[in-house]
Amino acid sequence: VAEIQLKGISKSFDDNKVIKSLDLSIANGEFITVLGPSGCGKSTLLRIIAGLESQSSGDVIIDGREVNKVRASERDLAMVFQSYALYPHLSVQQNLMVPLKLRRLSRLERFPLLNWFLPKRSSKMIDLNEKVLQAAETLQITHLMERKPGQLSGGQQQRVAVGRAMVREPVAFLMDEPLSNLDAALRVHMRAEISELHRKLKTTFIYVTHDQAEALTMSDRMAVMMDGEILQHDTPSEIYNN
């Protein structure tokens, strides 16, 4: 679980300033939504937190540690994209396994044919398979494990994308418009699922959306963003009433 602080974050693309000296504090285990229209800088802000984009100025601090020069792979954050970003040629089980293999196995250990020569690989794989199964059970996708992404509905693909983030056991989840490709009825259902997942995991969630209903129903706190600045930052009820 992570406390995340953003201090004086600015970002420019050529002469276009998309984030303007932004400050934001996110508490341990909090579900915070960054709400704003397309082009306001909210997805860029999420990518800066993740380490996928560098800021022009300012500091990203995770649990008291400045991470400006820390690579994305070493920030212990998990990002869920609006496009799901699943590997189409891999099964659900294999998709869930990918981040674990990259983080927990050496390059040699990633090749199953080397089991005979690397005795520790088998015990590691048992542990990784257990983590994958736990995530699948939590998200109720165990019956889908042998299917490819192309055989899944939008909601099922979204669960797999969340599961792939879950198995990493990150200190925070970063979600970039994860429900925007789903139809209205499924979006409502998935809102409830993600909120329930947050309650179970008690992990920090930073959720970017342009949908006011999502922000008002899912968040502990909301940050309303416009033109690269945060205009309001409060609980959903306070923002709704004001």
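Some observations on this one:
- Applying 1/(1 + (r/R0)^6) with r as the Cβ-Cβ distance of residue 94 and residue 238 and R0 = 45 angstrom yields a FRET efficiency of 0.50.
- Between helix 154-166 and the chain there is an angle of about 80 degrees, using the helix long axis and the longest principal axis of the Cα atoms.
- Relative to the current alpha-carbon distance between residue 16 and residue 71, full extension at 0.36 nm per residue lengthens the span by 17.3 nm.
- Maximal additional length on extending the residue 127-residue 27 stretch stands at 32.9 nm, based on 0.36 nm per residue less the C-alpha distance.
- Computed over the chain with a Gaussian network model linking Cα atoms closer than 10 Å, the most mobile of 213, 27, 50 is 213.
- Using the Cβ-Cβ distance between residue 196 and residue 63 with R0 set to 22 Å, the FRET efficiency works out to roughly 0.30.
- Farthest toward positive dipole pole in the chain [+1 Lys/Arg, -1 Asp/Glu at C-beta], among 73, 4, 32: 73
- Length released on extending from residue 56 to residue 153, taking residue separation times 0.36 nm less the Cα-Cα span: 31.0 nm
- Note on the chain: helix-only mean residue ellipticity at 222 nm, from DSSP H runs of 4+ residues weighted -39500 (n - 2.57) and normalised by residue number, equals -11000 deg cm²/dmol.
- For the chain, built as a Gaussian network whose Cα springs stay under 10 Å, the top-fluctuating residue of 44, 138, 204: 138
- Unit charges at the beta carbon, dipole of the chain: most positive-side option, 235, 41, 170: 170
None of the figures in this text is laboratory data; all of them are computed from the coordinates on show. Keep in mind it's a predicted model, so treat the numbers as computed, not measured. Using ideal geometry, Cβ is built from the backbone for each residue, glycine included, and neighbour counts are taken over all protein chains shown.
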